[in-house]
Amino acid sequence: MSLDGWATSAGTERYRERFREIADKDHFRKGQDLWLSSIGVGTYLGDADDETDSRYAEAVTRAVELGANVIDTAANYRFQRSERAIGAALRELTARGYGREELVICTKGGYLPFDGEPPTDVRRYVEETFVKPGIAGFADIAAGSHCMTPRYLQSQLRQSLANMNLSCIDVYYVHNPESQLGAVSEDEFWKRLRAAFEFLEQSVVEGKIRNYGVATWNGFRAEPDADGYHSLESMAEIAKEVGGGSHHFRFIQLPFNLAMPEALFFQNQKFGDDFVSTLEAANKLGITAIASGSLLQGQVARGLPEAIRDPLGSLATDAQTGIQFVRSAPGITTALVGMSQREHVEENLQLVGVAPAQPDDLLSVFDQE
């Protein structure tokens, strides 16, 4: 039996109240009428084995106990194992008294996921799993690995719900839609994205998801004339055309960290007659921005110079410093951090009680580099 419900305003407020004695007042931020923690759990990295599954389930459970109620995954992460580990964590959290309405569960569809481990014959797997059942044709699959047709997303959404034992997902992202742009024309790309958004709006009506968005790696950081560039304003316009003024395209996810600060500083998004940063465009459009790659897979979690550490509060570890930079950026609601080990969860979530850095301190990080 699936875990019914979804994150609610009252539920996430109740979760926030659990930490009122220890959390800084800016740790929880309002996004789409929900209270989201400034640090969330990412589940991308790790071996595809039972031991890593168990560690992830324990890490997610511990993170929720320590003040992180945003949990992020994707169908293809660790060959569906990350979603299943989250399902195990949710069962344990339910037993410990946490309600489904307190937690914001996010996943993604787009890349063709394997099941548990890589197949010996990838093309045969794709043909047997997706093509022969009519879920996707080879022409729908860009670069042999990415698809976002309504029928394909429908199958992926059903699979993700089953993997996590849920009846509804709070945020469902189209995963790296820029992957399509190397294979199809821009006109065809927008046609495909529109069809995806139409399906996702219908999924909201059916109660399978609450919100949707796009999770990108390069799309929102690219130059406006680059082949893989995404216009957030254009995406919002399509969402309004297919879903009306109360459409549910309400989240974006993009990398933001000490080594990749473009979301805050690069004014590459056309908004009206001006160019603004992606974070400013999202704010103007009422879209909640979530940061991925907050530690760039550990690359900005060690060896930071004092010129960076000092303005961010001279915290105990470089990992905390990197996370502090991301969660302090104006416009970032949640900094996602990959955490598959309990000790990393406990180290990183010490920041729950620490105030974010001030904007001037963020700027000084780059002035002193």
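Legend: Rg and Dmax of segment 205-271, from Cα coordinates, 13.5, 40 Å.
Mind telling me which of 297, 269, 324 comes out most flexible in a GNM of the chain, alpha-carbon contacts under 10 Å? So, out of 297, 269, 324, the one fluctuating most is 297.
If you take every DSSP beta bridge whose two residues both sit in segment 236-369, what share of them, in percent to the nearest 5, is antiparallel? Counting only bridges with both partners in segment 236-369, antiparallel ones make up about 35 percent.
Take the Kirkwood radius over Cα pairs of segment 237-335, plug it into Stokes-Einstein at 4 °C and 1.567 mPa s, and you get 89 µm²/s for translational diffusion. In this rough spin-label picture, where each label sits 7 Å from Cα along the Cβ direction, the residue 95-residue 10 distance is 2.8 nm.
DSSP beta bridges fully contained in segment 1-108 are about 50 percent antiparallel.
Relative to the globular-protein estimate of 2.2 N^0.38 Å, the Cα radius of gyration of the chain stands at 0.94. Beta bridges assigned by DSSP with both partners in the chain are antiparallel in approximately 25 percent of cases. In segment 255-296, the alpha-carbon atoms span a convex hull of 50 Å³ per residue.
Note on the chain: with charges restricted to the Cβ of Lys and Arg (+1) and Asp and Glu (-1), its dipole about the Cα centre is near 980 debye.
With contacts taken as Cα pairs under 8 Å at a separation of at least 6 residues, segment 96-201 carries a relative contact order of 37 percent.
Going 7 Å from the Cα of residue 139 along its beta-carbon direction, which residues of segment 187-202 have the amide nitrogen within less than 16 Å of the resulting point? Only 188-189, 191-192 pass the distance filter.
Pairs over the 20 Å Cα-Cα cut-off, from the set 132/191; 132/208; 240/284: 132/191; 132/208.
Straight-line cross-link reach from residue 25 at under 16 Å between alpha-carbon atoms covers these aspartates and glutamates, not counting any fewer than eight positions away in the same chain: 13, 17. Surface composition of segment 8-163: carbon and sulfur make up 47 percent of the accessible area, probe 1.4 Å. For segment 216-315, a crude dipole built from +1 on the beta carbon of Lys and Arg and -1 on the beta carbon of Asp and Glu, taken about the Cα centre, is about 440 debye to the nearest 20.
The values are calculated or read from the model by the stated rules, or taken from the named source; none is laboratory data. Fair warning: this is a prediction, and the values are worked out from it, not measured in the lab. No Cβ is skipped: glycine too gets one built from the backbone with ideal geometry, and neighbour counts run over all protein chains shown. With ligands, DNA and RNA removed, areas are computed over all heavy atoms of the protein, side chains included. Shrake-Rupley method; radii C 1.70, N 1.55, O 1.52, S 1.80 Å.
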